1. Round to the nearest 0.05 the FRET efficiency obtained for B:Thr26 and A:Asn70 when R0 = 30 Å and r is the Cβ-Cβ distance.
2. Using Stokes-Einstein with the Kirkwood hydrodynamic radius over Cα pairs, what translational diffusion coefficient do you get for region A:58-115 at 20 °C and a viscosity of 1.002 mPa s, in µm²/s rounded to a whole number?
3. How are the alpha carbon pair distances in region B:1-89 distributed across 5 Å bins from zero to the largest one, expressed in percent?
4. Heavy-atom accessible area per residue, chain A, 1.4 Å probe: how many Å²?
5. Along the Cα→Cβ direction, 7 angstrom out, place labels at B:Lys63 and B:Glu81. What is the inter-label distance in nm?
6. Restricting the calculation to Cα positions, tell me the Rg (one decimal) and the Dmax (whole number) of chain A in Å.
7. Among A:Pro66, A:Pro42, A:Pro83, whose mean-square fluctuation peaks in a Gaussian network model of chain A (Cα, cutoff 10 Å)?
8. Taking the Cβ-Cβ separation of B:Ser18 and B:Ser52 as r and a Förster radius of 30 Å, what is the calculated FRET efficiency to the nearest 0.05?
Amino acid sequence: ETGVTQTPRHLVMGMTNKKSLKCEQHLGHNAMYWYKQSAKKPLELMFVYSLEERVENNSVPSRFSPECPNSSHLFLHLHTLQPEDSALYLCASSQDRPPGRYEQYFGPGTRLTVT
Amino acid sequence: EDQVTQSPEALRLQEGESSSLNCSYTVSGLRGLFWYRQDPGKGPEFLFTLYSAGEEKEKERLKATLTKKESFLHITAPKPEDSATYLCAVQKGSGGYQKVTFGTGTKLQVIP
């Protein structure tokens, strides 16, 4: 595997379900990110982990719970979601310490539909 | 508050018809400006990073330029396979992680 991978690619869940999204990066980066992408809106940063420590939480509802067990893996645990949470969820990784290039590399995303 | 505005929202070109996409930004302490390409249902694909005014980067039919207030993505003699949404993002300097603000993108359609 190369780059950033995400599973599953598609997920349909009811409002009472619990599911998890998984992200893995094979780029040797030390920062990982979760973004939400909805139609006609810019990418919304949800969470940032730097060296496995959560350094940003952009007022995301508690029904979204991130987990970063190591610098290569990132999870987003979902429970009791609302229909407006339906979106494309993107994982990204980057370097965040000099020297280095800081551009973020994205996974293919998980298309989430909440029914 | 950091802002990134992209124009136009959508652009339709004939194959071979060159044009430019605009990204205007307001950010204090710009560390870098990024261009990404995103195909439908996929994650953004990194294209370029620009760090300072006057800098230019090229890749095939794409050329990105940067001034103190905006960036342009020039597309020369586009082909149908260049059809995608092009995203601009700015990164401000801060310790630790890299916080990036994205624009809403320009959806480009190139017609054969």
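1. Details: r = 37 Å, r/R0 = 1.22.
The formula returns an efficiency of 0.25 here.
2. Details: Rh = 13.4 Å.
Rounded to a whole number, D works out at 160 µm²/s.
3. Each 5 Å bin holds this share of Cα pairs: 3, 14, 26, 26, 19, 9, 3, 1.
4. Details: 5410 Å² over 115 residues.
Computed with neighbouring chains in place, this is 47 Å² per residue.
5. Rounded to a tenth, the inter-label distance reads 2.2 nm.
6. Expressed in Å, the Cα Rg and Dmax of chain A come to 13.6, 45.
7. Maximum fluctuation in the GNM of chain A, among the listed residues, is at A:Pro42.
8. Numbers: r = 25 Å, r/R0 = 0.85.
With R0 = 30 Å, the Cβ-Cβ based efficiency is 0.75.
The values are calculated or read from the model by the stated rules, or taken from the named source; none is laboratory data. As the structure is a prediction and not an experimental result, all values here were calculated from the model. Using ideal geometry, Cβ is built from the backbone for each residue, glycine included, and neighbour counts are taken over all protein chains shown. For the accessible areas, the whole protein counts, side chains as well, though only heavy atoms, and no ligand, DNA or RNA atoms are used. Shrake-Rupley method; radii C 1.70, N 1.55, O 1.52, S 1.80 Å.
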